[in-house]
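The values are calculated or read from the model by the stated rules, or taken from the named source; none is laboratory data. Bear in mind that the values here come from a model prediction, so they are computed numbers and not experimental data. A quick note on method: Cβ atoms are made from the backbone with ideal geometry, for glycine too, and the neighbour counts reach across all protein chains shown. Just so you know, the surface numbers come from the protein's heavy atoms only, side chains and all, with ligands and any DNA or RNA stripped out. Shrake-Rupley method; radii C 1.70, N 1.55, O 1.52, S 1.80 Å.
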Amino acid sequence: MTAARWAQGLRVARRWALLPSVRFAWFAGLALCAAWPLLSTAAALNDFRDSQVLFQYEESARKTVAEFGQIPWWNPYYCGGLYGLGTPQSRFASPTLLLTLVFGTARAEALTALAFLLIGLEGTFRYLRSRGARGLGALLAAPAFALSGVFACAPFLGWTNFYGFELLPWALLGVRRALRGRTAGLALAAAAVAWMVGFGGTYAVPLTAVLCAAEVVERLVHRPRWQVVTAAAATAFLCAGMAAYRLWPVWETLSRAPRVLGGMSGNEWRSLPGLLLGYWPWFHPPVAWYLVGAGVIPAGLAGAARRRSIPLLLGVFACLWLALGYQVVPSLFALLRRIPPYEMLRYPERFLIPLALLVAVLAAKGLSVLAARARRRRWARPAWAACAAVLAANLSILMFNFRAAAAERTMVSPPVEVDRPFHQARGNRWAAAYYGPMSRGSLSCWEAYPVPQAPALRGDLASEEYLKDAAAGTAVERRWSPNRLDLSVHLTQPTRLLVNQNHHTGWKANVGAVVNDSGLLAVDLPAGDHEVTLKFLPRSGVAGGLTTLAAIIAGVALAWPRKGRAALGPAAVLALAAGPLGVGAFAAALMPEPAFVRSALDVPLVADSPPAEARRLDATFEGGVVLEASSVSENVDEHTVRLELDWKVAGPVAPHLGFFLHVEPADGSKRLTADHPMVSDALFLEEAPKGKTLRDVVVLSVPPEHRKLSWNLWAGLWAVRGDGARMKVLSPGKGRVSEDRIHVGAVERK
Amino acid sequence: MKTKLIDLGCWATGLALVGVAVGRALTAPVPPDAAPMPAGVADEAYRFVASEETVMREKAMANFLADPWSQDDDFHASERGRAFDFAASHKVRRSDVLRAIDDGLRSGWPLPNGVRPRATVPPCRPRPL
C-alpha cells in the first residue's frame, strides 16, 4: 500500500470515528454484547448476600415512590429503619431510578448496566481525545476501560453501584476543560461527580477525587498560574454543591456512625498480572476482576515510549503502588489512608480501576503515534495494523469475561409480593430482598458502617406503635407510609409513644416532642386526644437538595455559550461555583434540627475512677494510654463473662488505636480473640476525655465446648486502623506482661 | 447527502441495538418458582427452622466470642440455609418459608424442647477487620 493510500484510508476512518452517530452505533453494539448475559437473566434475582441487601435498597426506593408517592428519604424496610439517602451503598439517587420505576427493580438493573456501559464508552472516547489521541485510536482503546473487568464482575456480587466508575472519564474530562479556562468543564465535572455520588458506593468518588487532583497537579506543572488554582477550587466547590443532595446525608450518616476499618489489605506483585490480564487457562476458575486484557500491551507500549507520556506513566506507577496496599513498604496506600475520608477504604486493588483508564489512554496514544509515523516510515504501517488488530481482538477477551462472570451468578426467582399492613420482622439480612415485597422490614441488618439501631426493636409486635405506659391510654395507627405515620392517640395522662423504628433527628411530629428512647423513635405526648402525624423531613436532605438545585442553576449559567460576550472572570466563576454552598448553609440555618446524641449505655462510659471492686493494674502503654484496672464476672445461667477494662488517656494519644483481647483456654487449645476498636462500642480512644476513666465493657459468650475450661484473659493496644503494630507496654504497673499485653483476669473452673 | 444518510443510518442502528437490549430485558424469562406453600405446611416449616435456633446460636457463639452482632449474623446465615433447604426439599417457595418463620415468631407457635426464638437483634456492628 502506498503512503498516500494509507494516509487517505486512515483519514476516512478517523473522520468516521469522529461522527457521533458512528460511535453511538459502535458503542451500542459493544454494550449490547457485553450486557447480553445480564439482559438475558434480567427477570431473576441474584442470590448473593450483598445483592440481597443492595437490591432491597433499590426496591424500597421504588416502593416508596411508586406506591406511596414519597421521596425515598427514609427506608423502613431494613435494619429497623435507616436514612435511605444517607446510606452510602444505595443507588436510587440517580437518574437510573426512572428505569427502576418503569421496568421494575430486577429488569432495570440490567438496563442500568447497559446504560452505564454506553455512557462509559463515550466518556472514555472523549477523555482519550482530550489527552491527544486520534479518533480511531480512541475508538479502539475506549473499551479497555469501559468494558474492563470491574464492570463485568460487579454484577456477580450485585455491586451495581460500581458502574459509577463509568463516569470517571467524564469527571476527568470536565476537570481538564475547566483547568484550561472552559467554564462548561466545571458543569460537566460537577454533573459527573454528582451522579456518581448519587449512584452510591464508597470507592468511585474518593478515587475520582485522587485522579482529579492528579489532573490539577499535571496542569500546574505545565502551567503554574493562579488561574489554574482558582479553576480547580471552583470545580471543587461546584462538585460539592451539585452532589450535596446526597453528599450531605452521607456525610451526616458517616460522621454519626463512622465506618471503622482495620487490618492491612494488600496484594502481592505476582497477583497483579492475573487481575489485569486474566488467568491461565483463561477464566478458569476465577474471572478477572480488573481485566484490561493483554491486547492493550503493544499499543500501550507504543504510547508509553514518548516523553509526553511521563505523567501517564507516573499515574500508572502510582496506581500500581496504591494497589499493592500494605504489601509494600513504604505503602502509598497507608499514606493515603491518613487523609480522613480515605481511612474508610479497605481494598487497595480498587486502584486498578483508574489504572485501566490510564492504560487505555496509553494504548490510544500509541495507535495515534504509529499512525502519524506511518506517513513517513514504512515499518510503522504494519506496526499500526498489528497493534490495532490486537486491540480489536482484545474485545473478545473482555466480552468473554462478561460472559464468564455472569455465568458465576446464582439466579433465582424474584420475591413474591404480599399486600398487607407493614410490620417489622426479625428478618434475615442474607435474604433481605424477600422482606420488603411481603410488607415486612428486616431487623437483621448488615451494612459497611455501624447503623444506629435500637436494641429494643422487636419482630413480633402486634402494633408497630405503642405506649411506654400501656395504662396511660391507647394508640391506633391510621395510616402508614415510609416517611409519614398518622396515629390517633387517646391519653389519660402524659406518656411516651414508642415507634418500632430507629430514631433519626429528621423525624418531626405535629404534637409533642420527638425524642430518642434508647435508639427508638418516640414522641413525648401530653394527656388528651391527639391526631399525631410523624414526618421524616431531614435537614441534610432538604438543604442538600436546595444546594444541588442552586448548583444546577449555576452549572447551567457556567455552561451557557457566551457568544459575543466577554468570558466570565475567575472571581465571577468562583462566586458562581461557591454560591450554592451558601444557599445550603442558609437553608440549614432556617431549618433547625436537634443534635444527634448516641444512645445511652447501660454503664456510664466515663467515670472519675475505676469501680471499687476492680483489680488495679496501672500498666502504661506507649501511645499515651494507661490500663488502670480490670474486673471479671461470670453469669453462669446466660453463659456469659463480663469483662471491664478501665483505661485512661493521660495526654495526646496515638491516632487509630484499638483494643485486642485474647482468651486463652488453660488446656492449651486455640486462642480466641475479641478485638474491638472502640471503648464499650461507643468511643474512639483519640476522642476520649483526658484524665478520666474510660469503662470498656466486653461481654464474652461462652461456647458449649469452653464451659468446662478455665481461661486466661489478656489485653493490649494495637494500631487497628493503621499498620497493625502492637503498642509496647512501657510500665507493667501491678500487671503481668507477655507479648506486649497485660493479664487482665481469669475464669477459673475446678 | 450520502454522509447524512450514513449518519442517519448509524443513529438508527444504535437506537435499534438499544431497542434490542430493552426488548431482551423485558422478555427475559422469570426462573421457574416452586409452588405456593400449602396452609398446613407453614407450621412444619417454622418448626423445622426455629427448633434448631439454640443449636445454631451456640455454634455462632464459638465463632464470634465477644461480638453479639456477628453471632447473630452467623445464626442468620445458618437460618437462611435451613429455611431454603426446607423450601427445596418440600418444593415450596422460599418467600413462603420466610413468611412462615415470621408468622410463627409473631404468633408464638409452639416449638419442641422449650426453644424460645429471639424477636430482637443486636445492633449492626460490622467487623472492622
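Summary table
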| read-out | value |
| --- | --- |
| Computed accessible area, A:His656, all protein chains, 1.4 angstrom probe, square angstrom | 40 |
| Two-decimal Rg/Rh across segment A:30-81, once Rg and the Kirkwood Rh are taken from alpha-carbon atoms | 1.10 |
| Estimated FRET transfer efficiency (A:Arg420, A:Ser255; beta-carbon r; R0 51 Å; 0.05) | 0.85 |
| Mean residue ellipticity (222 nm) of chain A, computed from DSSP H runs ≥ 4 via -39,500 (n - 2.57), nearest 500 | -13500 deg cm²/dmol |
| Nearest-20 debye value, chain A charge dipole, Cβ charges on Lys, Arg, Asp, Glu | 5160 |
| Cα-centred dipole magnitude for segment A:666-750, charges only on beta-carbon of K, R (+1) and D, E (-1), debye, nearest 20 | 380 |
| Which of A:Thr112, A:Met399, A:Ala462, positive extreme of dipole for chain A (C-beta unit charges) | A:Met399 |
| Gain in span if fully extended, A:Trp226 to A:Arg15, counting 0.36 nm per residue against the direct Cα distance | 72.2 nm |
| Residues in segment A:624-645 that a label on A:Val699 would reach, taking backbone N under 18 Å of a point 7 Å out along Cα→Cβ | A:631-645 |
| Gained length - A:Ala471 relative to A:Arg403, 0.36 nm times residue gap less alpha-carbon distance | 18.2 nm |
| Protein-only accessible surface order, largest first, of B:Met1, A:Met411, B:Met56 at 1.4 Å | B:Met1, A:Met411, B:Met56 |
| Charge dipole (segment B:41-114, unit charges on Cβ, about Cα centre) - positive-most of B:Gly81, B:Gly114, B:Trp69 | B:Gly81 |
| Solvent-accessible area per residue for chain B (1.4 angstrom probe, square angstrom) | 50 |
| Relative contact order [Cα under 8 Å, 6+ residues apart], segment B:41-114, whole percent | 43 |
| Spatial separation of Cα centroids for segment A:401-415 and segment A:289-332, in angstrom | 31 |
| Apportionment of accessible area to carbon and sulfur, chain A, percent (1.4 Å) | 62 |
| R0 of 25 Å, Cβ-Cβ distance A:Leu98-A:Ala213: FRET efficiency to nearest 0.05 | 0.15 |
| Loss of accessible area when A meets B, both sides summed, Å² nearest 100, probe 1.4 Å | 5900 |
| Principal-axis tilt of helix B:41-50 within chain B, Cα atoms, nearest 10 degrees | 70 |
| Rounded to 10°, Cα long-axis angle of helix B:68-89 versus longest principal axis of chain B | 70 |
| Contour minus Cα-Cα distance for A:Asp486 and A:Ala654 (0.36 nm per residue) | 55.5 nm |
| Exposure of A:Asp637 as accessible area (Å², to 10), given a probe of 1.4 Å and all protein chains | 140 |
| Sorted largest first, extent of segment A:587-673 alpha carbons per principal axis (Å) | 64, 37, 30 |
| For segment B:10-35 and segment A:230-263, distance of Cα centres in Å | 37 |
| Proximal lysines to A:Lys648, defined as alpha-carbon separation beneath 26 angstrom and excluding residues fewer than eight positions away on the same chain | A:Lys690, A:Lys692, A:Lys728, A:Lys734 |
| Largest to smallest accessible area among A:Trp74, A:Trp6, A:Trp226, B:Trp109 [probe 1.4 Å] | A:Trp226, B:Trp109, A:Trp6, A:Trp74 |
| Qualifying trypsin sites (Lys or Arg not before Pro) in segment B:16-79, DSSP loop, other Cβ atoms within 10 Å at most 14 | none |
| Farthest positive-ward along the protein assembly as shown dipole, Cα basis, beta-carbon charges - from A:Pro526, A:Leu546, A:Ala144 | A:Ala144 |
| For segment B:107-129 and segment A:136-215, distance of Cα centres in Å | 43 |
| At least 20 Å along the helix axis (C-alpha) and Kyte average at least 1.6, DSSP helices within chain A | A:184-198, A:352-373, A:570-590 |
| Cα-based Rg of chain A normalised by 2.2 N^0.38 Å, two decimals | 1.07 |
| Solvent-accessible area of A:Glu59 with every protein chain in place, 1.4 Å probe, in Å² to the nearest 10 | 20 |
